[in-house]
1. What is the protein assembly as shown by shape, rounded, prolate or oblate, if you read a ≥ b ≥ c off the alpha carbon gyration tensor as root eigenvalues and call it rounded for a/c under 1.5, prolate for a/b larger than b/c, and oblate otherwise?
2. Mind listing the long-range amide H neighbours of A:Asn243? Cut-off is under 5 Å, sequence gap 5 or more, other chains count too, H placed in the peptide plane at 1.01 Å from N.
3. Using a Förster radius of 41 Å, what is the FRET efficiency between B:Trp75 and B:Val280 based on their Cβ-Cβ separation? Nearest 0.05, please.
4. Find out how many positive minus negative residues lie around A:Pro273, taking Lys and Arg as positive, Asp and Glu as negative, among other residues whose Cβ is under 9 Å from that of A:Pro273.
5. Kindly identify the stretch B:295-339 as rounded, prolate or oblate by the Cα gyration tensor criterion: order the square roots of the eigenvalues as a ≥ b ≥ c, call it rounded if a/c is under 1.5, otherwise compare a/b with b/c, prolate if a/b is larger, else oblate.
6. List the trypsin sites (Lys or Arg not before Pro) within the stretch A:116-201 that fall in a DSSP loop (any state other than H, G, I, E or B) and whose Cβ has at most 15 other Cβ atoms within 10 Å.
7. Quick check: pseudo-label points 7 Å beyond the Cα along Cα→Cβ at B:Ala109 and A:Ser389, how many nm apart are they?
8. What nm value, rounded to one decimal, do you get for the distance between A:Lys64 and B:Thr307 when each label is placed 7 Å out toward the C-beta?
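Computed from the coordinates by the stated procedures, all read-outs in this text should not be read as laboratory data. Keep in mind it's a predicted model, so treat the numbers as computed, not measured. Every residue, glycine as well, gets a Cβ built from its backbone with ideal geometry; the counts of neighbours run over all protein chains shown.
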Amino acid sequence: MAMNDLSQTGLARRALRSRGRTKAAAVLAAVALGATSFAASAASASTNAAGRRAAPARAAHAKKFLACEVTDTGGINDRSFNASAYAGLKAAAATDPGITYKFLSSSSTSDYQPNIADFIAEKCGIIITVGFDMADATQAAAKSHPNQRFAIVDYTYTPAIKNVLALHYDTNEDGFLGGYLAAAMSTSGKVGTFGGQDIPTVTIYMDGWVAGVRYYDKVNHKHVVALGWTPAKKRAPGSFAGNGLFTNDFTNQNLGKQDAATLMAQGADVIFPVAGSVGLGAAAAVKQAGAGHYMEWVDTDGCISAPQYCSLFITSVTKGIVPSVEAATLSAAKGTFHGGNYIGDLANNGVSLSPFHDFQSKIPAKVQSALVALRSGIISGKISTDPNSYPVG
Amino acid sequence: MSMTGVVAPDGLVAAAAERVAPSGRVRGMGVFLVLLAFVAVLGFVSSVSSRAHATFLLSAPPAVGVSPLTMSVRWTAGALAVLCAALGVLLVLRREQRGAYLIFGVGFATFLWAFLVWAARGAQLNFVQMLVTTLISTTPLVFGSLSGVMCERSGVINIAIEGQFLAGAFLGAMVGSVTGDLWLGMLAGAVAGGLFGWLLAFLALRYAVDQIIVGVVIVAFCTGLTNFLTEQVLTPDQTTLNSPQTFAPIAIPLLDKIPILGPVLFDENVFVYLAAILLVVVNFGLFRTRWGLRVRAVGEHPRAAETVGIHVLSVRYRNVVLGGVIAGIGGASFTIGSVGEFSSEMTAGLGYVALAAMIFGRWKPFGALGASLLFGFSVSLQSFLAVLNVGIPSPFLAMAPYVITIAVVSGLVGRVRPPAADGAPYSRE
């Protein structure tokens with residue numbers, strides 16, 4: 001095409017004639033790029049400042065211990081496991097004034113390894129990595145730095161690694177209680193769940209939740225249907241495989257809103273999002289749907305982490321990330337740290353249903369006492385949390 | 001289309017040629033429809049029991065109630081498959097090439113209908129909500145692709161849409177939250193987008209920096225900046241700085257009572273209506289006004305435009321800034337038009353999807369709308385299929401929007417032709 005030739009020769013001519021201009025362009029582009037990396041590095045630099053400021057009375061102790069967290073892609077403010085782990089560090093610093101803490105955010109999975117490497121270089125006393133997705137990066141770093149202590153949230157290693165404390169939570173147990181409660185509170189006869197990603201730490205919640213709904217139907221002769229998660233019929237013991245609704249994203253709240261709207265359009269009136277901050281989108285949808293639509297929050301007590309939606313939360317299906325991260329940090333600071341696997345369950349209060357807050361008076365006393373009985377039944381092993389042990393619907 | 005005098009002749013020929021589908025492709029589309037019909041017969045007719053029924057819910061308040069539509073899966077899917085095959089045969093035999101896309105579209109829709117009937121067997125499918133979700137997921141893409149159209153028709157490539165989305169979402173949420181006035185929030189989003197549009201124009205036009213590189217840098221900059229400000233500014237003071245209200249849906253009197261369409265089209269929030277208005281305005285402006293003729297002239301052959309007295313750089317400046325403003329408003333729809341909170345990287349790459357929609361739509365507003373609707377429908381479809389539990393593994397469902405869009409678009413659209421001077425810097429000799 002003649003036109004292309006024209007513009008190409010034009011370009012070449014211009015380039016020859018106006019070197020000054022090209023140089024200015026290069027400088028500008030460099031400035032823009034520099035600004036980008038400034039924003040990135042400033043993020044971590046001032047986090048450090050914030051971390052130090054927040055640590056109370058640090059001057060009182062000569063001995064300093066630095067606790068560091070690498071977040072998952074959900075970010076530090078996800079009202080969920082990243083935020084909980086950070087709250088654990090804060091709690092540890094409140095107990096032991098010698099502890100200072102900071103975090104680095106991962107904006108994609110490719111940030112895990114460099115973030116961990118940064119913290120190793122900064123000589124952190126313990127590095128907390130958050131999330132199932134970070135298991136490989138943590139393991140690799142732990143193997144190559146055997147004296148660096150790690151704790152990882154939401155994972156177990158087999159065999160255990162001696163310098164990593166893996167924190168795992170049997171959230172199918174409190175998920176079961178949440179499912180039972182959701183079924184009891186539903187008037188439409190349908191309840192729905194969705195996940196952030198099809199990974200075991202998410203589906204273990206959904207699995208227990210669906211089991212709770214089915215158990216409710218069985219003992220009460222009802223037909224409440226759980227939408228959004230269908231546990232696989234045949235699967236290996238300990239597996240939480242199945243098929244369901246996932247946003248495949250832990251950052252785009254609009255997807256959570258959309259999936260909750262889908263579930264409600266299909267009849268569900270109690271929604272249980274297992275998707276960190278994406279669940280806030282579900283809360284927006286439930287609020288928009290108006291009276292008669294409720295939800296259950298996940299990981300943390302929703303009335304504390306997302307108080308603007310407290311009136312929608314029947315309860316929260318929580319796991320004790322805060323106390324277990326706090327304990328791991330304190331033990332590392334004291335020098336009593338032991339690697340291995342920790343499993344939180346109903347029996348050791350590692351997982352639990354949160355208080356009912358606004359719903360305290362709305363949940364029938366009969367249901368509340370049934371939940372207490374169910375809890376001890378699950379602890380004693382009399383009640384199975386496997387959904388396949390109960391008939392569907 | 002009257003592009004007299006300023007457009008290279010080969011451009012006119014290409015524009016005329018793309019209106020009629022080549023005969024080979026028409027035959028290919030016909031064969032494809034017949035194949036789809038076979039799939040429907042095997043998958044949706046012979047595999048289900050003759051007593052299986054599917055129910056489509058067709059009403060949502062406040063529209064006049066439409067009673068649910070209950071269909072026998074076997075008979076409905078069978079009839080639709082026959083229709084689909086007949087349309088395919090028609091396409092293969094027809095000499096006339098005009099209208100081929102319409103026939104293909106109808107044929108594809110019959111297949112889709114058969115598929116939905118099968119997917120909803122023994123259950124209920126809320127068809128109205130499915131369309132609502134489609135429209136809502138399409139809206140930001142419409143803003144994004146209109147932004148692209150505005151820029152590229154004048155000859156500047158804007159791949160910074162994602163960055164302008166983020167800037168608009170961030171500032172829209174913050175201003176909307178602090179002032180408590182959502183309209184100010186929308187304005188702030190527009191300003192944020194416009195500002196980065198101006199930066200793109202400034203670097204690309206004043207200093208002739210490669211437009212792709214500037215775009216990438218702006219996206220990276222906006223991502224870093226919004227992440228940083230979210231962690232440092234918004235998070236510590238979430239309740240004042242990052243909890244705006246959201247625009248409530250506005251029901252248009254009478255129109256919202258139309259069965260099925262009413263709740264889908266006429267009970268939406270202001271962003272949906274604004275997207276529709278902008279779509280019409282930009283389309284009319286570009287192809288029916290003197291301004292549009294000038295913009296297109298500048299995008300096709302700037303030197304010729306200059307010789308007839310059009311100031312090329314100021315046309316480009318104005319369009320790129322306006323494009324940024326549109327993308328900024330689209331960004332604000334993520335926060336104050338939807339969830340009422342900004343979170344890091346919440347636009348999740350949709351700016352790039354909008355860019356792709358614009359290209360698939362051949363740099364035309366309504367073409368881009370078509371591609372955006374297809375993507376939005378696929379997003380909605382996969383969500384409903386997951387709830388209906390049709391037995392497709394969830395990772396495959398997650399891929400569906402992208403796979404469907406790529407397959408349909410690459411099969412139907414074929415070669416596209418950007419504005420001739422798109423991306424080329426311009427300076428007076």
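1. Working: a/c = 2.07, a/b = 1.23, b/c = 1.68.
It is oblate, given that a/c is not under 1.5 and a/b is not larger than b/c.
2. A:Thr230, A:Ala232
3. Given R0 = 41 Å and the Cβ-Cβ separation, E is 0.50.
4. Details: positive: none; negative: A:Asp259, A:Glu296.
Once positives and negatives cancel, what remains is -2.
5. Details: a/c = 6.84, a/b = 4.16, b/c = 1.64.
Verdict is prolate for the stretch B:295-339.
6. Within the stretch A:116-201, the qualifying trypsin sites (Lys or Arg not before Pro) (loop, at most 15 other Cβ atoms within 10 Å) are A:Lys123, A:Lys162.
7. A separation of 5.2 nm, rounded to one decimal place.
8. About 7.1 nm, to one decimal.
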